[in-house]
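Enquirer: Below is the structure I would like to discuss, written out as structure tokens.
Every number here is computed from the coordinates shown, using simple stated rules; none is lab data. Everything quoted here is computed from the prediction, not taken from an experiment. No Cβ is skipped: glycine too gets one built from the backbone with ideal geometry, and neighbour counts run over all protein chains shown.
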Amino acid sequence: MTAADISRIRVAGFRSIEDAEFPLDRINLLIGSNGSGKSNILGIFELLHAITTGKLQTYIAESGGPEVLFRYGTRQTNKIILRAEFGDSFYEIHLHSESGSGCRIASEQLTLITGDKTLKLVSSDTIETGIFAGVQMDASWESFRLHLQSWTTYRFQSRCTGTEDERRLTEFLFRLKQTAPEYFEKITDTIRLIFPQFGDFLFREENENRTLLWTDTQGGGHAFGLQVLSGGTARFINLAVLLLQPTPPRLILIDEPELGLHPFAIAVLADLMKLASRSTQLIVSTQSVQFLNAFGPAEESTGSRILIVDMSHGTTTITVPTPETLADWIEEYSIGELWQMNVLGGNP
């Protein structure tokens, strides 16, 4: 039994969002000007993931506390409401601020509908989740829990050399080469599309430590460390691994994946996301007109949806264009051109 994708989100009182509701598809592209609140929308899903993994208080502390998470601070907003719909099923949580640096879960409810069966779970007045903390002998609950807890966020800040991210990348690729070599080869073949001199990955083991290297086809097999890669190349390699893995998370959040990429690499990246969307749901924040042009305006048949993020009077708003609203424009202009022309919104 597999849990359904997120079909709709409602959020109130969270960061710059006063009260908003929006639908989701397989690929969801967030566009908007700097400071409009795109990162805050990604934060909705990070918060939900933290809640379901029992790390709410850690997330609050690492995010700057309630004065940052509650819209304009706890004096103006004392409650955050999140509701995530998964077809006919839904999860809803109400968070209340507490004196000091934390908050409590005032209430949470999970209603799972599978066929003619309905499972309803409720919990209230807890520090961490009361619904996902225990064990339920129910297949639909377990599938839903695994769904939410598999979510991952990709924010590429710099080259991952010498970090925990590099260690995880090294171990993941090493395991993949041993257990699923066809996927390993698919990743390396894709990297060569945008980085032709890339030969292969090598793994060097010294003192029980494994290091990831790569060979240059022009260098007679000489191996280099990841630190010599450009930021854009390193970003693409990480994204290729993320999107081409055999069992991806059920939801992937990616913040501005196009940064530092050549236009051809951006086109390849869009194709990778379309391929990945067969087995995972994606929410992607982007500033790239070319990347946006790789997807349709809002056609259900393509499985992609554009969410236009604006800031109005200190409040983040989200609108979703439809083929009907763009019918007079889309025959002559691409969706990226309409964004540049400010037909869609999402501009300063």
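Enquirer: Find the centroid of the Cα atoms in the range 218-233 and in the range 11-79, then give the distance between the two in whole Å.
Expert: 38
Enquirer: Where does helix 164-179 land angle-wise versus the long Cα axis of the chain, in degrees 0 to 90, nearest 10?
Expert: 70
Enquirer: Here is a follow-up. Positive end of the dipole of the chain, charges at C-beta (+1 Lys, Arg; -1 Asp, Glu), about the Cα centre: which of N34, L242, I60 has its Cα farthest in that direction?
Expert: So the residue we want is I60.
Enquirer: Let me ask another. Calculated FRET efficiency, S143 and L259, Cβ-Cβ r, R0 25 Å, to nearest 0.05? The partial results should precede the final answer.
Expert: Numbers: r = 35 Å, r/R0 = 1.40.
That pair, S143 with L259, gives E of 0.10.
Enquirer: Just how large is the dipole of the chain about the Cα centre, in debye to the nearest 20, putting +1 at every Lys and Arg Cβ and -1 at every Asp and Glu Cβ?
Expert: I would put it at about 600 debye.
Enquirer: For the range 20-155, just list the percent of Cα-Cα distances falling in each 10 Å bin from zero outward, please.
Expert: Histogramming the range 20-155 at 10 Å steps yields 10, 41, 35, 13, 1 percent.
Enquirer: Related question: Are any of the pairs K55/K120; K120/K274; K177/K274; K38/K79; K55/K186 more than 29 Å apart by Cα-Cα distance, and if so, which?
Expert: K120/K274; K55/K186
Enquirer: Here is a follow-up. With an 8 Å cut-off on Cα pairs and a minimum separation of 6 or more residues, tell me the relative contact order of the range 28-177 in percent.
Expert: Normalised by residue count, the contact order of the range 28-177 is 17 percent.
Enquirer: First obtain the Kirkwood hydrodynamic radius of the chain from its Cα pairs, then insert it into the Stokes-Einstein equation at 4 °C and 1.567 mPa s, and state the resulting D in µm² per second as a whole number.
Expert: In µm²/s, the coefficient rounds to 59.
Enquirer: Over the chain, with a Gaussian network built from C-alpha contacts below 10 Å, which listed residue (G35, G219, G314) shows the highest mean-square fluctuation?
Expert: Residue with maximal mean-square fluctuation among G35, G219, G314: G219.
Enquirer: Contour minus end-to-end for F203 and A61, with contour as 0.36 nm per residue of separation and end-to-end as the Cα-Cα distance? Kindly include the intermediate steps, with their values, before the conclusion.
Expert: Values: separation 142, 0.36 × 142 = 51.12 nm, distance 3.73 nm.
That pair, F203 and A61, stretches by 47.4 nm at full extension.
Enquirer: Local charge sum around H94 (other residues, Cβ-Cβ under 13 Å, Lys/Arg +1, Asp/Glu -1)?
Expert: Numbers: positive: R10, K79, R83, R104; negative: E92, E108, D125.
Around H94, the charge tally is +1.
Enquirer: With the crude spin-label approximation of a point 7 Å out along Cα→Cβ, what separation in nm comes out for R83 versus I113?
Expert: 1.3
Enquirer: So between Q290 and E21, what do we pick up on full extension, going 0.36 nm a residue minus the alpha carbon distance?
Expert: 94.1 nm
Enquirer: Pick from R210, R305, R71: which is most flexible by mean-square fluctuation in a GNM of the chain where alpha carbon atoms under 10 Å apart are linked?
Expert: R210
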